[in-house]
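Have a look at the structure below before the remarks.
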Amino acid sequence: MKLKTLGLIISCMLFMMLGCSSNKTEESKVTLPEEMPSFVKESDLKKVDWDKKAVRFNGNMIGNENKSGVIGADMPSININQKWMWHLWGIENPNNLTVIAFHRETGTVHRILTTGWTIELGGKNNGADAHVPSSVNIPKAGEWAILLYIDGKLFDIIVCEISE
């Protein structure tokens, strides 16, 4: 009788351990491109609050008011180059903007700027402290977190739905 009980306890423990380990694997299923800038960390992706959706402000900008906004993000077309104008508030003398796009459903990170991961920022525009036009290409529809890095430091995250 004691051997059966011990066997049952061991079986239950193994079942629980296997169940827990598969959940961990599923949660950390993130694919990072090798050529991505080294300052971007997987832990940055875990900071995404998928419930904090981008809003429309200043007429035609999409983003997080008084932090970051994009003109052009409201009319995306999948797999077609389009112009987006990035606007950033609350920064002094920034040099570069790095854009990392994280697709929620697939857990994959993409480069959406057509010229590389990073672009040089320009001066003030539309009330923002810095701005820069860019060409972007969104590879697929879905929910995206756009992580913005200023000079290698995470600055803001814009969460938006991109449809075809």
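The values are calculated or read from the model by the stated rules, or taken from the named source; none is laboratory data. Here the structure is a predicted model, which is why all the values come from computation and not from measurement. Here the Cβ is made from the backbone with ideal geometry for all residues, glycine too, and neighbour counts use every protein chain on show. Just so you know, the surface numbers come from the protein's heavy atoms only, side chains and all, with ligands and any DNA or RNA stripped out. Shrake-Rupley method; radii C 1.70, N 1.55, O 1.52, S 1.80 Å.
Can you name the residue in region 132-143 that is in contact with a strand residue (DSSP E or B) (Cβ under 7 Å, 6 or more places away or on another chain) and either part of a loop (DSSP other than H, G, I, E, B) or farther than 24 Å from F57 by Cβ (or both) and is also most open to solvent (accessible area, probe 1.4 Å) among such residues?
Filtering region 132-143 down to residues in contact with a strand residue (DSSP E or B) (Cβ under 7 Å, 6 or more places away or on another chain) leaves 132-136, 138-143.
Right, trim to either part of a loop (DSSP other than H, G, I, E, B) or farther than 24 Å from F57 by Cβ (or both) and you get 139-141.
Working: P139: 39, K140: 71, A141: 38 Å².
Looking at residues that are in contact with a strand residue (DSSP E or B) (Cβ under 7 Å, 6 or more places away or on another chain) and either part of a loop (DSSP other than H, G, I, E, B) or farther than 24 Å from F57 by Cβ (or both), I get K140.
Scan region 65-84 residue by residue and report those that are of a type outside the set (V, I, T) and more than 22 Å from P37 (Cβ to Cβ).
Here is the first cut: in region 65-84, the residues of a type outside the set (V, I, T) are 65-69, 72-77, 79, 81-84.
If the condition is that a residue be of a type outside the set (V, I, T) and more than 22 Å from P37 (Cβ to Cβ), then E65, N66, G69, G72, D74, M75, P76, S77, N79, Q82, K83 are the ones that fit.
In region 105-131, which residue that is aliphatic (A, V, I, L, M) and free of Cβ contacts under 8 Å to residues at least 60 places away in the same chain is surrounded by the fewest Cβ atoms within 10 Å (Cβ to Cβ)?
Quick first cut of region 105-131, residues aliphatic (A, V, I, L, M) only: 109, 112-113, 119, 121, 128, 130.
When the remaining residues are screened for being free of Cβ contacts under 8 Å to residues at least 60 places away in the same chain, the result is 112-113, 119, 121, 128, 130.
Values: I112: 19, L113: 21, I119: 17, L121: 19, A128: 22, A130: 22.
Among them, the one singled out is I119.
If a residue must be part of a loop (DSSP other than H, G, I, E, B), touching a Leu at 6+ places or on another chain (Cβ under 9 Å) and within 9 Å of H87 (Cα to Cα), how many such residues does region 110-131 contain?
Of the residues in region 110-131, the ones part of a loop (DSSP other than H, G, I, E, B) are 111-112, 114-117, 121, 123-124, 126-127, 129.
With touching a Leu at 6+ places or on another chain (Cβ under 9 Å) added as a condition, the list becomes 121, 129.
Still in the list and also within 9 Å of H87 (Cα to Cα): 129.
Summing the residues that are part of a loop (DSSP other than H, G, I, E, B), touching a Leu at 6+ places or on another chain (Cβ under 9 Å) and within 9 Å of H87 (Cα to Cα) in region 110-131 gives 1.
Six or more apart or on different chains, Cβ under 8 Å: which pairs go from a residue in region 77-89 that's modelled with pLDDT of 95 or more to one that's aromatic (F, W, Y) and open to solvent by 30 Å² or more (accessible area, probe 1.4 Å)? Could you list them?
Every condition considered, the pairs that remain are L88/F155.
Looking only at region 100-109, count every residue that is in a loop (DSSP other than H, G, I, E, B) and either small (G, A, S) or more than 12 Å from I146 (Cβ to Cβ) (or both) and tell me the total.
3
Given (1) among the hydroxyl-bearing types (S, T, Y); (2) farther than 17 Å from C160 by Cα; (3) open to solvent by less than 60 Å² (accessible area, probe 1.4 Å), where does S43 come up short, assuming only one miss?
Unmet condition: (3).
Quick one: count up the residues across region 77-94 that are touching a strand residue (DSSP E or B) at 6+ places or on another chain (Cβ under 7 Å) and surrounded by fewer than 20 Cβ atoms within 10 Å (Cβ to Cβ).
Result for region 77-94: 8.
Does any residue in region 54-72 that is at pLDDT below 95 come within less than 8 Å, Cβ to Cβ, of a residue that is polar (S, T, N, Q) and open to solvent by 70 Å² or more (accessible area, probe 1.4 Å) six or more places away or on a different chain, and which pairs are these?
From region 54-72, the pairs are N58/N126.
Run down L154, L97 and say which single residue is touching a helix residue (DSSP H, G or I) at 6+ places or on another chain (Cβ under 8 Å) and in a strand (DSSP E or B). Spell out how you get there, then give the answer.
Numbers: L97 fails: touching a helix residue (DSSP H, G or I) at 6+ places or on another chain (Cβ under 8 Å).
Of the residues listed, the single one that is touching a helix residue (DSSP H, G or I) at 6+ places or on another chain (Cβ under 8 Å) and in a strand (DSSP E or B) is L154.
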